[in-house]
Each structure stands twice: as structure tokens, then as C-alpha cells.
Amino acid sequence: MTPTTTSLPALTHRPHGIEHPYATSADQRVPVTPEAGQSVRLGVVARPDVTAVTCEWQDLSTGATMLLTLAPATASAADAAALAGGDGHLAAAQAAQLEADGGWSVDTPALVAGTRYRYRFLAEATGAEGEGTPRVEPPTPWFDVSAAEWSQEGGDLVLAGAEGSRSRLVPGSVEWLRDADGVRRVRFALRLDPHEHVVGFGERYDAVDQRGSALDAVVFEQYKSQAAHGRTYLPMPFAHVVGGAGWGFHVRTARRTWYDVGASQPDLLVVEAALGGAPHERLEVALYDGAPDEVLRAFGDEVGRAEELPAWVFRLWASGNEWNTQRLVMERMDSHQELDIPVGAVVIEAWSDEEGITIFRDARYEVTPDGAPHGADDFTYPPEGAWPDPRAMIDELHARGIKVILWQIPLQKTEHDLGPDVPQDSQVLADGRAMVASGHAVREADGSAYHNRGWWFPQALMADLSTQEGRDWWTAKRRYLVADLDVDGFKTDGGEHAWGHDLRYADGRRGDEGNNLYPVHYARAFGDLLRAHGKAPVTFSRAGFTGSQAHGLFWAGDEDSTWEAFRHSVTAGITASACGIVYWGWDLAGFSGPVPDGELYVRAAAAATFMPVMQYHSEFNHHRLPLRDRTPWFVAETHDDPAVVDEFRRYAHLRERLVPYLAEQAARTIASDRPLMRGLFFDWPDDSAVWDWPGQFLLGDDLLVHPVTEPGASTWTTYLPAGDWVDAWSGEALAGGTTVERPTPRDIVPVYCRAERWAALAPVFEG
């Protein structure tokens, strides 16, 4: 039943708001933790019939009270910019997330250090029909706030590990932010030498060398334009410092951290970390000395590293968000076969009802009212349905040598998304009730179930995967997909939906330290499911954090089909790899927006051929024309450019021949901690010239790759570091330590092979 206006609270205020990491909500206090001398903007969301709002503000040290009058508010330009996503099927949902309709706000006087304040709100509303006197609403509860100050007292900063790097700590730089209740943050400075470069902080899209930048580490779903906003799905509080003796650091926390990497003061790297609010806090920072591979090895020893995955993961992956029937999937795979374009895996995203993501759409079955898992024999599939025989489809794909990956998200839809007409005895609602009743839903601080505050799958329940019991409960409903239908892996999409510092997890963590770990648990859950049935733990994630190194494959997330996004994706691969992510790829040529033209598509496919994961994917477009498939033949048809198919085919076959090298080098990477896709600074840390060529990388030990990321380029210049090299396309021998230029028609990506390995690798390029 829809509540009446007057049954809703007149005013809503949450000091932390929705807890979007980069934008404020209309019901929020800004800043949440004010510093001494700052005023605070207090916001409320009011019911439509509210006509006036006041704030009763009290100074508890003196007992003085004042009334502050709130005014209607609108979203700030900064908040609007924080939500920018551009064109795409999710852009409108993101932009609407923080609508300020009904928002009111006021600024308080400046806060004094050591003083406690409290405040509450009062409202007047339109009287009943025929009454001229406004109705006074009951006041909100009281809220407390105090001003925080930076102090050199408040906790212990422990520098662990390398003796040589401890001298990097700037004396007197350690400060603690304390309010009346506890210690909220710590900051400290590490010295940077003039010639040093800083690489890391997880997957970063804007630059390989972060010196001169200010950034943070918090898991966040930025729908496209990650580089422009400086955000990432896969952050880590870890970085290399390259260019001198070599060192690195890891802030041992899962809470949010911030970094000023010489942006404010060129010779200082300032680190700031959120803390738990206890009266006395502690933060550990691991310091490592050595070359980049030695630093990465020490980090991997702490947080885990990848395991070898089967060679088939290096074959071409094919995907389209609108391949939502068995017929469409098989037609796409038939086209691959007919056009002689080998494919190793198909990712089927739109297979389920997208309610609980456990059942093929159109399947017939009996609801289990207690949310118990189904088995394969519980389902029948109507011949006229979307998926008339999933097992036969998977068997046929396997017979063709194609592995099958199914899409997942760790959310369970509710009436909010499904609409009021969803039957109360439906499986999705039964599963949701069971999740909450059994304690396997992430909870709010008051013990109620958390409902997703983000803009994708809004208000959905979120599975608590922080414990083995919770992971097993969630994956049990998907067990039949592996055990009976023989699915080979899962695209573990999402993972960024935990917003709230005071959420509660079953492992005892609060949200402020558990939210960033959520995608790590998520990939682990599905990896364990696959292992339990004799399968390799092939998960394909976009979100992650420290510890994700040990869990499956990753891709760079949502991006447009633009040259700019192409360049940023190359950067993302180099930086993610520098943090220990071995199996990494991207949606070649982008997945969103108009279909890329032949030049961008072929250039991107050529580059992806020489990356750890090669895959194409396209965004959901509501089945509207024109279609947005990224299959090579559809790109060719869309732009009347038939050569695209021939050029893509050539690279797909080359990729097949490259698989043994990739498998060999992945094993070597895992043993040596020298990334599979690695920036040149790993092998030539003392060569200052490599920093002038950030778009180049090594694929394994022997292939140097320099993607052409500008339109219309007929030649491309590459820097060859010290050593003897061979142009992989011409066979020309070249000396290192200089730049070389070669012709680059669109079907050529510059690749140079170490001379000593050329005899073994030449056949890869001869097809």
C-alpha cells in the first residue's frame, strides 16, 4: 500500500548521507567530521507539504541555543559532475541518484575545538484542507557533532619491514585527527627524491606515474570516464617508488586512504588514512626495499598472488549484453565458425531472470518457499522459451571448444525494482526473505537489512559474503549450474555496492573496513564454487582491492568506444599489473556508445591480442536499433568496411598461436612476480627514458608492445630499451637504447621481440 503524505516523516536527516564517496546527498551533514574553525552545512529532505524548516543548534559547553532557518537547496555543480557518466543505458540512473528534490540546508556558525554541539530540526507543514494555520511537525531526534583537530598525539604509526625506507618518514609529519569521541584519521609524509616515479594504487586509468597527483583508494563504480574523475573499481593502498634504489609501501588497512603524491609539495608523498574512531588508534605501514619485482614479491607474500589458470583463458572471449536467448548465442558462435574466427569462451550476460541471478529466464519450476536451492532436475524449459535447453547448448559449445561463462551480481532484487505486482510467493522474494532470516544479508547498524544505495539495482538486498558460511549459502543456489550444467566460470560483475561506514558484516567488520573487501570475498566465493566441482576458479571481475590478486581474472570495467578510452585502458592494464593482477583485459574498443569504426576497432583488437585477456563486449541498448554489437562482422557491416573481418580473423588466429607463450609466461609471472603485462620500468628501472613512453609494455619477458592509440597514424615511434630486438612483422634486427619508427597500417600493432627469443616466437607472427 502506498503511504499517505502525512504518514511519512516530515524531515529526514542522516549525518553521513547516502555515503557516495564523491558527492553529497541532500540529507547530509557536510563535512561529516568538521575541523575546528569550519562551519557545517546541515541538510534535510522534507516532505512535499513542508513549508518551513528550522534547526535548533545548541552549544553544549555553554547551553546556548540558536534557531537557524533552512532554505530550499539544489544539488551542487560538484555533485552533478561527480555523477557524470555520459551516454549509455545506465547514465540516467546514475545522474538521478542524488536528486535534491525536497532538500533544505543551512550553514552553522564556525565550530570551536573541544566543544560538543547538538542539533535537531523542526518543520511546519500545510494544514489540513480549509485550515489556514500551518501544522507544526514533531522535531527530529538530536544529532551530535564536535570539531576535530590535528594533533601529534592520538595513536601509533608502525613502520614495518625495510630498514632502508624507514628514513623516508619525514620527522614531525605524523598527525592524528581527533574529535570529542575518538581518533578519525592519521596522516604522515614520506620523502620523495627528485628523480623518483610513483606507480601503483591499484588499477589507475589516468597515468602510469602518479607523481604530481592527488588520489584516494576506495572501491567505486564509476560508470565510464574513470580517468577524468580519478576513480577506480580496483584500488589498492600500495605503490612502487622507482628511479633510485627502489622501494615501495603498503598501508595495511581496508579503510579508505588518500594520497598527495607530490601534488602540494613536490618532494613529499603525504598519506592519509581513515581510522576506527577509538580513543587511541594504530596504523601499520609496510615498507619494502628493492627493484619493482622485489617490492611486488614482498607485497604478494603478504596479500596473496594469482594461481595458474588453464590455457583456454588466453583464447578470445566473446560477449554481448543483448545476447539474451539461446538462439542468439548460437547464431553468434555459428558466425564465428563460418567466418573462421576462433573463439575460446562465450560470456552469457543476459541468461537469467535478473532477479536473483540463479535461474535461466523462462524456466518452469516449483518455488521453494524457504529459499532452498534448486537442482537441475527441478527445471523444465519450454521449447518456445528464451533458453529451451541450456545443457544441450553448453554441451554443443564445449564440443566446439568454447567455454561458457555466466554473468553474476551479488544483489537480490526487491519490490522496489520488480514493482508492486510481483507475487509475494515468487522465488525472488522468497529468497530475499530467506537471506534476511538466515543472517546472510549485509545489515545496517540497527540490524535491519541493507538495501543498495547505489544507482544500479537500487534497493536490492546484498549478500553477506564475508564468511565461508555466507559464501556457501549464496553459491549453493548456483551449484547446479556447475555441477549439472557444466558451466566453466562466472563473470562476477558489480561488487561496488556497499555504501555505509556503519554497515555490519558477519565477520565482525563494520562498513568502513569491510566495504572495500567485499569484491575480494565475492570473487573468492565463486572461485570456491568452481573448485568444489573440479573446475578452475575462473571468475571475471571488474572490482577488487588488496587480496584480489589471488582471485581470477579482471577487466577494466565500463568504457566508451573512443580513442581516449583506448589510451586510458592501456594505462589501466599496466597499473593493475604493477599491483599483482596477472589476468587482465578490457572491452576492446569499448563497450558503450555507437559502434566503433573500423580503424578504432582493428587497432584495439590488435592491441588486445597482446594483452593477458582478449575479449570484446557490448552494452545493453534495450534492443533498439541500431544494434550495438561489437562482433567484427557487425562492425564491418555498420561502417561498410568488410576488411575488418579479415583483419580481426588474422589477429584471432595469431592469438591462438600465442596461447602457449602466454601460458608459459603466466606461470613465470606467478613464480617471479614480474607482471605478465608490465611497464618497462620493471626491467629497466634505471632508464629515465622509459617514462617518456608510458603506453608501451612488455607482454611476458620477450615481447615489447606499443599500441597505436591515435587515429590516422600511418607511422608509430617506439622506444627500444637496451638490448637486441627484432621487429616481429618485418624480422628486422634492431639495437636498443634508441627510438625506432615503423609504418603502421591499421592492421599492424608495433611488436618487438627480444633477439634471443625470436627463433622460438617467429612462427607466431607468420600465419
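Within the stretch 671-686, the set of residues being buried (at least 22 other Cβ atoms within 10 Å of the Cβ) and in a helix (DSSP H, G or I) comprises Leu680, Phe681, Phe682. Quick one: in the stretch 355-371, of everything that is touching a residue at least 40 places away in the same chain (Cβ under 8 Å) and buried (at least 18 other Cβ atoms within 10 Å of the Cβ), which residue is farthest from Lys491 (Cα to Cα)? The extreme case among them is Gly371. Taking the condition in a loop (DSSP other than H, G, I, E, B) and surrounded by 17 or more Cβ atoms within 10 Å (Cβ to Cβ), does Thr133 pass? Here the answer is no, as Thr133 does not meet what is asked.
Any residue in the stretch 189-203 that is of a type in the set (A, V, I, L, M, F, W, C) and surrounded by fewer than 18 Cβ atoms within 10 Å (Cβ to Cβ)? No, the stretch 189-203 has no match at all.
The single condition from (1) surrounded by 22 or more Cβ atoms within 10 Å (Cβ to Cβ); (2) under 28 Å from the mean Cα position of the chain (by Cα); (3) over 18 Å from Ala576 (Cβ atoms); (4) not hydroxyl-bearing (Ser, Thr, Tyr) that Ala663 fails is (1). Scanning the stretch 24-63 for residues that are among the polar types (S, T, N, Q), under 31 Å from the mean Cα position of the chain (by Cα) and surrounded by fewer than 21 Cβ atoms within 10 Å (Cβ to Cβ) yields a single hit, Thr33.
Just wondering, is there one or more residues in the stretch 619-626 that are at pLDDT 95 or above, outside any helix (DSSP H, G or I), out of contact with any Lys or Arg (no Cβ under 7 Å at 6 or more places or on another chain) and of a type in the set (Phe, Trp, Tyr)? Within the stretch 619-626 (the criterion being at pLDDT 95 or above, outside any helix (DSSP H, G or I), out of contact with any Lys or Arg (no Cβ under 7 Å at 6 or more places or on another chain) and of a type in the set (Phe, Trp, Tyr)), the answer is no, since none of the residues qualifies. If the condition is being among the hydroxyl-bearing types (Ser, Thr, Tyr), within 15 Å of the chain's Cα centre (by Cα) and outside any helix (DSSP H, G or I), then the stretch 525-582 contributes Thr539, Ser541, Thr546.
Within the stretch 410-453, the residues that satisfy the criterion of being among the polar types (S, T, N, Q) and either in contact with a strand residue (DSSP E or B) (Cβ under 7 Å, 6 or more places away or on another chain) or in a loop (DSSP other than H, G, I, E, B) (or both) are Gln412, Thr414, Gln424, Ser426, Ser438, Ser448, Asn452.
Name the residue that is modelled with the lowest pLDDT, counting only residues in the stretch 209-250 that are in contact with a Leu (Cβ under 6 Å, 6 or more places away or on another chain) and either outside any loop (DSSP other than H, G, I, E, B) or crowded, with 19+ Cβ neighbours inside 10 Å (or both). Applying the filter and picking the extreme gives Tyr223. When Val270 is tested against (1) part of a strand (DSSP E or B); (2) under 30 Å from Ala671 (Cβ atoms), exactly one condition is not met: (2).
The values are calculated or read from the model by the stated rules, or taken from the named source; none is laboratory data. Predicted, not measured: the structure shown is a model, and the values here were computed from it. Positions of Cβ are backbone-derived with ideal geometry, glycine not excepted, and every protein chain shown enters the neighbour counts.
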